[in-house]
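Engineer: Before I ask anything, let me first share the structure, which is written out below as structure tokens.
Bear in mind these aren't lab numbers, they're just calculated from the coordinates by the rules spelled out. Small disclaimer: the values here were computed from a predicted structure and weren't measured. Virtual Cβ from ideal backbone geometry, glycine too; neighbours counted across all protein chains shown.
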Amino acid sequence: MQKQRNEMNTINRPVFLCSAGLILLFSIYGAGFSVQAANTFSTLQSWLVINFGWFYIAVVAFFFGFVVYLSFSRFAHIRLGPDDSRPDYNNLSWFAMLFSAGMGIGLLFFSVAEPITHFSQPPSGAGGTVEAAQRAMQITFFHWGLQAWAIYIVVGLSLAYFSFRHGLPLTIRSALYPIIGDRIYGPIGNAVDIFAVLGTLFGIATSLGLGVMQVNAGLSYLFDVPVSTMVQVGLIIGITAMATLSVVAGLDRGIRRVSELNLMLALLLLLFIFFAGPTLTLLGSLAQNLGGYLTNMLQMNFTLYANEPTDWLGDWTLFYWAWWISWSPFVGMFIARISRGRTIREFIIGVLLIPTGFTFMWFSFFGNTALLLESAEAGVNIAVAAQQDMPTAIFVLLEQLPWSTIMSLLTTVLVVTFFVTSSDSGSLVIDIITSGGNQNPPVWQRIFWAVTEGVVAAVLLVAGGLTALQTAAISSALPFAFIMLLICYGLHKGLRSETTL
């Protein structure tokens, strides 16, 4: 009884209960009124794109500029910890963990589908041309590149600075301490953490929803399992149970081992694509894609396709920016925890360049292989597959390469392991936030959040599929985007006060 009482005392009750209550209401609405919910999600997404599209574009451009400024400012030498602290992990271990953090379900879901979709249906101009292929890879790099990690850096750097250097709790509210002082421990701080929980949970649920769509597509290709919402809900139940077992096993025996398996399988799949595809051409394509992205990045930062009668911006760029903002408490807390003792410059440059380097390689190898096959050979129809059922695109690509069945099975297993690691790590981060920064909360809370993530992913799939997933990410990220602007102000104010002492 005493142990149960102590575990209940680890909960920040206002944050935990308000977050859980709001998610429960959402789940009841989505599951009980699925048709009405689907219409609501579609209408809400259109409203957000029309009224706040410019805001998402502007705020992400600001975050990128802000972190670049900090990396070259007079604050760049400040350590994330006491002045005499040194990194907890050597460079190799730190690089490896950043490498792992940069990977997720989306890399498999969009690795073929996104470049091939932009190639066949570009936001402007004619599709199916050489110029469209080059533009497709530039857009893909833009969505998965430096801007995404700049969003994570804003949160991660603030958490690391205020927690490790100033001894504040490892929660989002701490970043506002220079602005509101001790009031971070009251209702304002609770509200900030609630928004962080909601954004993180819906961001992770979006990933889990995409993941089971990919698993369903793989099982359909391998074993003729029907592609349907009910099958996907069943997969969520099964894989969430696996994630729960990983939670119970603990960090070292559970999530660490699954993460290591994840990394091995991902590298195996990447090397297979590299050597089975047009190897030398892919190396040239990587260099060309990188050059095109860096050359056109500023223009893409502020392109809203305002004169194009299309939903492209909401379906792609705004969805990604909102998704990354939703994920920022999750990824930000992870990179903060492994970066104690590093300088601000080390932190920013490492987090900006290491994960994006791997991501660019991944999309170049998968995307350019698909584009070359689609352009050179009649009857491949990867673009048709992406338009009809986006998760199947990668399996259509694998059909054109040796050992297609084995590699399709490997891809399906890899999505499952990504699902488990995302659910387990995400539930840990949410648990820390709802426990007031306690980095070792009881297991039952992590189980609760892991199950909740699965429930929300299932509700979103039932209540609108991909559109509902996109809407959940875009809408839940909006309030947290405003909080992130305050985080930037609070971090800058804290750094200025430190250097003027």
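Engineer: For the chain, take N as its residue count and report Rg(C-alpha) divided by 2.2 N^0.38 Å.
Structural biologist: 0.93
Engineer: Inverting the mean 1/r over all pairs of different Cα atoms, compute the Kirkwood radius of region 404-501 and quote it in Å. If you can, show how the numbers build up before the last one.
Structural biologist: Working: mean 1/r = 0.0596 Å⁻¹.
16.8 Å is the Kirkwood radius here.
Engineer: Something else now. What percent do you get for the relative contact order of the chain when only Cα pairs under 8 Å and 6+ apart count? It would help to have the intermediate numbers written out before the result.
Structural biologist: Details: 714 pairs, mean separation 185.5, N = 501.
The normalised contact order for the chain reaches 37 percent.
Engineer: Still on this model: Picking from His118, Leu210, Ala393, whose Cα lies most toward the positive end of the charge dipole for the chain (charges on Cβ: Lys, Arg +1; Asp, Glu -1)?
Structural biologist: Working it through, the farthest residue towards the positive pole turns out to be Leu210.
Engineer: So what's the gap between the Cα centers of region 381-402 and region 187-247, to the nearest angstrom?
Structural biologist: Each part reduced to its Cα centre gives a spacing of 22 Å.
Engineer: If you don't mind, another one. Could you work out the relative contact order of region 135-185? I mean the mean sequence separation of Cα pairs under 8 Å and 6+ apart, divided by the number of residues, in percent.
Structural biologist: 21
Engineer: For region 267-345, report the convex hull volume of the alpha-carbon atoms normalised per residue, in Å³, without decimals.
Structural biologist: Numbers: hull volume 15.8 nm³, N = 79.
Convex hull of Cα atoms, per residue: 200 Å³.
Engineer: With just the Cα atoms defining each centre, how far is region 100-174 from region 469-501? Give it in Å.
Structural biologist: About 18 Å separates the Cα centre of region 100-174 from the one of region 469-501.
Engineer: Now for a separate question. Report the dimensions of region 1-141 along its three principal axes from the alpha-carbon atoms, largest first, rounded to Å.
Structural biologist: Principal-axis extents of region 1-141 (Cα, largest first): 67, 52, 30 Å.
Engineer: I would also like to ask the following. Given 0.36 nm per residue, what is the gain on full extension from Glu260 to Val130 after removing their alpha carbon distance, in nm? Write out the running numbers ahead of the final one.
Structural biologist: Working: separation 130, 0.36 × 130 = 46.80 nm, distance 3.86 nm.
Once the chain is fully extended between Glu260 and Val130, it gains 42.9 nm.
Engineer: Looking at region 36-115, which chymotrypsin sites (Phe, Trp or Tyr not before Pro) are DSSP coil and have at most 11 other C-beta atoms within 10 Å of their C-beta? Walk me through the numbers before you get to the answer.
Structural biologist: On the way: sites: Phe41, Trp47, Phe52, Trp54, Phe55, Tyr56, Phe62, Phe63, Phe64, Phe66, Tyr69, Phe72, Phe75, Tyr89, Trp94, Phe95, Phe99, Phe109, Phe110; in loops: Phe72, Phe75, Tyr89.
Here the sparse-neighbourhood loop sites are Phe72.
Engineer: Please report the equivalent ellipsoid semi-axes of region 349-397, computed as sqrt(5 x eigenvalue) of the Cα gyration tensor, largest first, in whole Å. Write out the running numbers ahead of the final one.
Structural biologist: On the way: eigenvalues 151, 30, 8 Å².
Sorted largest first and rounded, they come to 27, 12, 6 Å.
Engineer: Quick one: Debye curve from the C-alpha atoms of region 334-485, no solvent, what's log10 I(q)/I(0) at q = 0.17, 0.18 Å⁻¹?
Structural biologist: Each listed q corresponds, in turn, to -1.31, -1.34.
Engineer: Once both labels are modelled 7 Å past Cα along the beta-carbon direction, what's the Leu353-Ala58 spacing in nm?
Structural biologist: Placing both labels 7 Å along Cα→Cβ, they lie 3.3 nm apart.
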